[in-house]
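Notes follow once the structure below has been shown.
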Amino acid sequence: MSYLKVPFLDLKATPSEKSQLLSSIADVLDHGQLVMGPEIFTFEEKVASYCNRNFSTSVGSGTTALVLALKALELNPSDEVITTSLSWIATANAIALNNAIPVFADVDSNLNICPDSVLRLINKNTRAIISVDYTGKLADFVRLEKICDAHNLFLIADASQAFGAQRGGRVSGSYGHISAISHNPMKVLAGIGEAGSILTDDEHLKNKFDILRYNGTINKEYLLEPSFNGRMDTVQAAVLIKRLCSFGTLQQLRQANASLYYQYLSSVDQIKLPHIDVDETHALYTFTVIAERRDELMAYLDSVGIETKIHHPILMCDQTPYQKCVHESTNASILREKILCIPIHEKLDHDQVLHVANSIKYFYNQ
Ligand SMILES: *Cc1c(COP(=O)(O)O)cnc(C)c1O
């Protein structure tokens, strides 16, 4: 195989995007409201509207969004929160930081939390479920919502990876009592630094998020309950407003790359591509394949210039502080040895995507 450099991500702005972003940053420098400037509220309205939600609260990161989502529920130390075994560690940390007990459910073949596993783990101490739309594919919300209704549990959707995903017209960010989104630079709707959003339809919760994001104060004076400073910078909101406007283009470019992968790789028996239903849009945060001889494939792709990643090599329940937590992870333990994220980002050109596809084919045929 020939050699062609294919970076996993490219976070440099294109010249045209750079000039657009610089102009919105200049606006912030001109009005001088560097925190909680008008762009924060405009972004909140726009992201809530995009996600079909009544309310959004802009915060400093996706982790902050998750921590404050749970903090608003006022959990007790004996309360259990069930989440998936396979996610970025922020999901489990949000539970532990709220002094509640994380419980880890297994995943399905699509890498998302398995509703049957959740059902087995529910007990009298269970208060909430945090689902994750892993890789950008929506979790099974039909079943998760039913389970939460039947057992009187809060559903928090960690939609960090799934901005723009939808199923049957219902978009990511609209599921659960609360959804949390990360806008860190790697995510699909990305700031130029750390940023996040908390979405809900419940006005009482919205008011609480607004208080909790600024040290738990009302009007910056009266302390309701101790919290921390979790606000988003105005420049991030200004950038995110611009990027939300052009989000459709980014999504199309990623979908086009995915289509090429399906066209070229569907016939390769040794790798399984993400399953996408006809009424579903995958956010394509990552394009995660389940690959035989994964580590060998990864090394081979590296040797022909292709950068790949494993999101995530260690299950959350296997991380040292969580090893004693109750968990089901049979399927997750098998899959974590096979998952591989191949480049999908919007700055790839046709030749680069073909190089990835052809190199994978070549590896399995040789
Ligand atoms: C990125 C991510 C987070 C954390 O978001 P940050 O903005 O990096 O704090 C939480 N959960 C999931 C599933 C993520 O992918």
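Put +1 on the Cβ of each Lys and Arg and -1 on the Cβ of each Asp and Glu in the chain; which of A195, S227, A65 then has its Cα farthest toward the positive end of the dipole?
A195
What nm distance separates the two modelled labels at D30 and D279, each placed 7 Å from Cα along Cα→Cβ?
Here the modelled spin labels are 4.7 nm apart.
Which FRET efficiency, nearest 0.05, do A256 and D10 yield, Cβ-Cβ r, R0 25 Å?
After rounding, the FRET efficiency stands at 0.95.
Could you work out Rg/(2.2 N^0.38 Å) for region 48-134, with Rg from alpha carbons only?
Here the Cα radius of gyration is 1.12 times the empirical estimate.
Within 14 Å, Cβ to Cβ, of M186, how many net charges do the neighbouring residues add up to if Lys/Arg are +1 and Asp/Glu are -1?
After counting each charged neighbour, the total is +2.
With N residues in region 175-229, what two-decimal value do you get for its Cα radius of gyration over 2.2 N^0.38 Å?
My calculation over the Cα atoms of region 175-229 gives 1.30.
Let me check I've understood the local charge: for Q352, count other residues with C-beta under 12 angstrom from its C-beta, Lys and Arg +1, Asp and Glu -1. What total comes out?
Combined, the nearby Lys, Arg, Asp and Glu give -3.
Under 16 Å between alpha carbons, and skipping anything fewer than 8 positions from K309 in its own chain: which aspartates and glutamates qualify?
D10, E292, D295, E296, E337
Provide the FRET efficiency to the nearest 0.05 for the D295-K46 pair, computing r from the beta carbons and using R0 = 51 Å.
The pair D295/K46 has a calculated efficiency of 0.75.
Within a Cβ distance under 11 Å of D295, other residues only, what is the Lys/Arg minus Asp/Glu net charge?
Cβ neighbours under 11 Å give a net charge of -1.
Taking region 77-226 on its own, what percent of its Cα-Cα pair distances exceed 27 Å?
22
Between R120 and D201, how high is the FRET efficiency from 1/(1 + (r/R0)^6) when r is the Cβ-Cβ distance and R₀ = 25 Å? Nearest 0.05.
The calculated FRET efficiency here is 0.25.
Run the quick spin-label model on K272 and K242: label points 7 Å from Cα toward the beta carbon, then report their separation in nm to one decimal.
Here the answer is 4.2 nm between the modelled labels.
Of L75, V35, N54, whose Cα points farthest to the positive end of the dipole of the chain (charges on the beta-carbon: +1 Lys, Arg; -1 Asp, Glu; origin at the Cα centre)?
Checked the options; the winner is V35.
Quote the Stokes-Einstein diffusion coefficient, in whole µm² s⁻¹, for the chain, based on the Kirkwood radius over alpha carbon pairs, a temperature of 25 °C and a viscosity of 0.890 mPa s.
The estimated diffusion coefficient comes to 116 µm²/s.
When we measure straight from the Cα of K124, which lysines land under 28 angstrom away, once same-chain ones fewer than 8 places off are left out?
Qualifying lysines at Cα under 28 Å: K71, K146, K206, K208, K324.
When the helices in the chain are scored as -39500 (n - 2.57) per DSSP H run of 4 or longer and the sum is shared across all residues, what 222 nm value do you end up with, to the nearest 500 deg cm²/dmol?
It comes out at -11500 deg cm²/dmol, rounded to the nearest 500.
Carbon and sulfur together cover what percent of the accessible area of the chain at a 1.4 Å probe radius?
52
Any chance you could check the Cα centroid distance between region 69-103 and region 154-227 for me, in angstrom?
15
The values are calculated or read from the model by the stated rules, or taken from the named source; none is laboratory data. Everything numeric in this text was worked out from a predicted model, so none of it was measured. No Cβ is skipped: glycine too gets one built from the backbone with ideal geometry, and neighbour counts run over all protein chains shown. Ligands, DNA and RNA are stripped out before the accessible areas are found, and what is left, the full protein with its side chains, is counted by its heavy atoms. Shrake-Rupley method; radii C 1.70, N 1.55, O 1.52, S 1.80 Å.
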